[in-house]
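A short reminder: the numbers here are calculations on the coordinates, not readings from a lab. All figures in this text were calculated on a predicted structure; none of them were measured in a lab. So basically every Cβ, Gly included, is an ideal-geometry build from the backbone, and we count neighbours across all protein chains shown.
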Amino acid sequence: MERRIFLQKSAIVGTGLAISPSLLSFPKHPEHLEKITILHTNDTHSNIETFPSTHAKYPDQGGVARRYSLLKQIRKEEKNVLLLDAGDIFQGTPYFNKFHGELEMKLMSHMGYDCATMGNHDFDAGLEGFLNAYQYGDFPFVCSNYNFDNTVLKDVIKEYQIFKKGPFKIGVFGVGVQLNGLVAKANFQDTTVSAPIPVANGIAKHLRFEEECDLVICLSHLGYEAKQFKDNDQLLAAETENIDLIIGGHTHTFLPKPEVHTNKIGEKVLINQVGWAGLALGRIDFYLGEKKRHKRHELVMV
């Protein structure tokens, strides 16, 4: 079952919507390998329309319509595509104030999102409000360190989700930021929060060895670095194993390309985050190579 995982360089710019480039390494002759394209967003914050031409920083950029056109283009070119979101889907424009998340769920479903995790602002309508909006969502939410057993979201938010794309078996799980002090207690009620890194280690190990996933992806809404938050993506990468890719959110960080970090046993793990407001679409292409004799997955920089 063991295979080598390669990464391909890719950088595309759509009309007013940028694709964050993937890692600058790829096999010289990848034609014989199977490819999966991971696309992702984070912190879209109810931004539905393109920014106006008068906007001081992002004139005529972003917008759901442009993202949808870009997604259709990529899906036409690639046969194995997974579209993910790292949280904070809600809050930020009058669309959320008016429709309370219903529109965001409908649009994400129409765009074909495969999976998302919860950010702190996804509690802004309360648990009942989230559940009401989620009736219009046809993709799973995952969050491993939030326990909703004593809430209306019991059995709604999953620990992880497994996807099969071509020859790839991909395990996706999520971890979220501490809610106390960040979210009003009335909005998360009896949700309990566990330390994310021990939980992530347990879930990643399960996905790698029990579920035999070729790729393990963590959707993180912890934030990018230590000076911003104690639990963060860089610490998550350094103190875990069996995670191949951390797709981050919460800090609205525009990374120019995915970063290569080293995990607790010296293996490589990628971190990427693509800002906010749907201004960028992250893309990383993985290639599936030949089987290996020992049971370890490897991100190979060629």
What would the Debye formula give as log10 I(q)/I(0) at q = 0.10, 0.12, 0.13 Å⁻¹ for the alpha-carbon point model of region 124-223, no solvent?
-0.30, -0.42, -0.49
If each residue's Cβ is checked for other Cβ atoms within 10 Å, how do Lys76, Lys158 rank with the fewest at the top?
Lys76, Lys158
In whole Hz, the Karplus estimates of ³J(HN,Hα) for region 97-106 (6.51, -1.76, 1.60; θ = phi - 60°; x where Gly or Pro) are 4, 7, 10, 6, x, 4, 5, 4, 5, 4
About its Cα centre, region 3-300 carries a charge dipole, from +1 on Lys and Arg Cβ atoms and -1 on Asp and Glu Cβ atoms, whose size in debye to the nearest 20 is 1020 debye
Using the 10 angstrom Cβ neighbour count as an exposure proxy, how do Ser194, Ser46, Ser220 rank, fewest first?
Ser194, Ser46, Ser220
Take region 3-300, drop everything but the C-alpha atoms, weight them equally and run the Debye formula without solvent; then report log10 I(q)/I(0) at 0.12, 0.13, 0.16 Å⁻¹ to two decimals.
-0.73, -0.86, -1.33
Of region 129-156, those with amide N under 18 Å from the point 7 Å along the Cα→Cβ vector of Lys106 are 129-139
Can you sort Val183, Val172, Val156 from fewest to most other Cβ atoms within 10 Å of each residue's own Cβ?
Val156, Val183, Val172
Which loop-located trypsin sites (Lys or Arg not before Pro) does region 216-291 contain, where loop means any DSSP state but H, G, I, E or B and the Cβ has at most 16 other Cβ atoms within 10 Å?
Lys227, Lys230, Lys264
Lys98: which aspartates and glutamates have alpha carbons under 20 Å from its alpha carbon, excluding same-chain residues fewer than 8 sequence positions away?
Asp43, Glu49, Asp88, Asp122, Asp124, Glu128
Entries of Lys230/Lys257; Lys165/Lys205; Lys205/Lys268; Lys35/Lys76 with Cα pairs more than 19 Å apart
Lys230/Lys257; Lys165/Lys205
Chain lengthening between His55 and Ser194 when straightened (0.36 nm per residue, less Cα-Cα)
46.0 nm
Pop out the ³J(HN,Hα) list for region 269-278 in order, Karplus 6.51 cos²θ - 1.76 cosθ + 1.60 with θ = phi - 60°, rounded to Hz; leave Gly and Pro as x.
9, 9, 10, 9, 8, 10, x, 7, 6, x
How much length would be gained if the chain were fully extended between Val156 and Asn132, taking 0.36 nm per residue of separation minus their Cα-Cα distance, in nm to one decimal?
7.5 nm
Would you mind calculating the gained length between Lys98 and Val260 on full extension (0.36 nm times residue separation, minus the Cα-Cα distance), in nm to one decimal?
54.2 nm
Please list, ordered by chain and number, the residues whose modelled amide H lies under 5 Å from the amide H of Gly174; skip anything fewer than 5 residues away on the same chain.
Cys143, Ser144, Leu219
